[in-house]
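The values are calculated or read from the model by the stated rules, or taken from the named source; none is laboratory data. Computed from a prediction, not measured in an experiment: that's the story for all the values here. Positions of Cβ are generated from backbone atoms using ideal geometry, with glycine treated the same way; all protein chains shown enter the neighbour counts.
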Amino acid sequence: MEDKNFIELTASIVSAYVGNNPVPATQLPDLIASVHGAVRKLDAPTIVSAAAPKEPAVNPKKSVHPDFIICLEDGLKFKSLKRHLMTDHGLTPDAYRAKWGLPADYPMVAPNYSAARSQLAKASGLGRHPKAPVRPIRSRSHSRVSVN
């Protein structure tokens, strides 16, 4: 970016700030220098360091237990991981599996919890096809209208 653009940006930012905030005249040069330095930093190329791959909190093979699953991100125990992954880490189950190199069938719910929920659903009748509704038989006397 050209030096002229930096000066224009600095001037517009400082004038907007001074227009809305009381600034003593003695502090004005420091404010201008501070804003100008900040604007220049925005144009500087940023160096992105390649972050080393993060180690899982526990061994993935030891993360699934009958009553809970341990999150590889932070080591916390959960019955169901899906909501925790999205709210705390911004990950979908597929992204989580991909990040840690887990198989597609890696569970997101503890086995005992899943079995208990399945049993509860079956006991309440979920998953069964409803019986076919019985159609009422129409009487013939109502279907014919006699005209005299």
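Applying the criterion of being outside any helix (DSSP H, G or I) and of a type in the set (A, V, I, L, M) to the residues of segment 91-104, the residue that is surrounded by the fewest Cβ atoms within 10 Å (Cβ to Cβ) is Ala104.
Quick check: is even one residue across segment 105-126 under 21 Å from the mean Cα position of the chain (by Cα), among the hydrophobic types (A, V, I, L, M, F, W, C), at pLDDT 90 or above and not in a loop (DSSP other than H, G, I, E, B)? Scanning segment 105-126, I find at least one residue that is under 21 Å from the mean Cα position of the chain (by Cα), among the hydrophobic types (A, V, I, L, M, F, W, C), at pLDDT 90 or above and not in a loop (DSSP other than H, G, I, E, B), so the answer is yes.
If only residues of segment 44-57 that are surrounded by 10 or more Cβ atoms within 10 Å (Cβ to Cβ) and out of contact with any strand residue (DSSP E or B) (no Cβ under 8 Å at 6 or more places or on another chain) are counted, the one that is modelled with the lowest pLDDT is Lys54. Among the residues of segment 76-90, the ones that are part of a loop (DSSP other than H, G, I, E, B) and modelled with pLDDT of 95 or more come to 3 in all. Select from segment 58-71 the residues that are surrounded by 12 or more Cβ atoms within 10 Å (Cβ to Cβ) and of a type outside the set (Val, Ile, Thr) and write down the one among them that is nearest to Leu102 (Cα to Cα). Within segment 58-71, the match that is nearest to Leu102 (Cα to Cα) is Pro60. Annotation note: Cβ proximity below 7 Å between a residue of segment 101-128 that is touching a residue at least 40 places away in the same chain (Cβ under 8 Å) and a residue that is surrounded by 13 or more Cβ atoms within 10 Å (Cβ to Cβ) and assigned to a loop (DSSP other than H, G, I, E, B) (sequence gap 6+ or interchain) occurs for Val109/Lys79; Ala110/Phe68; Ala110/Lys79; Tyr113/Lys79.
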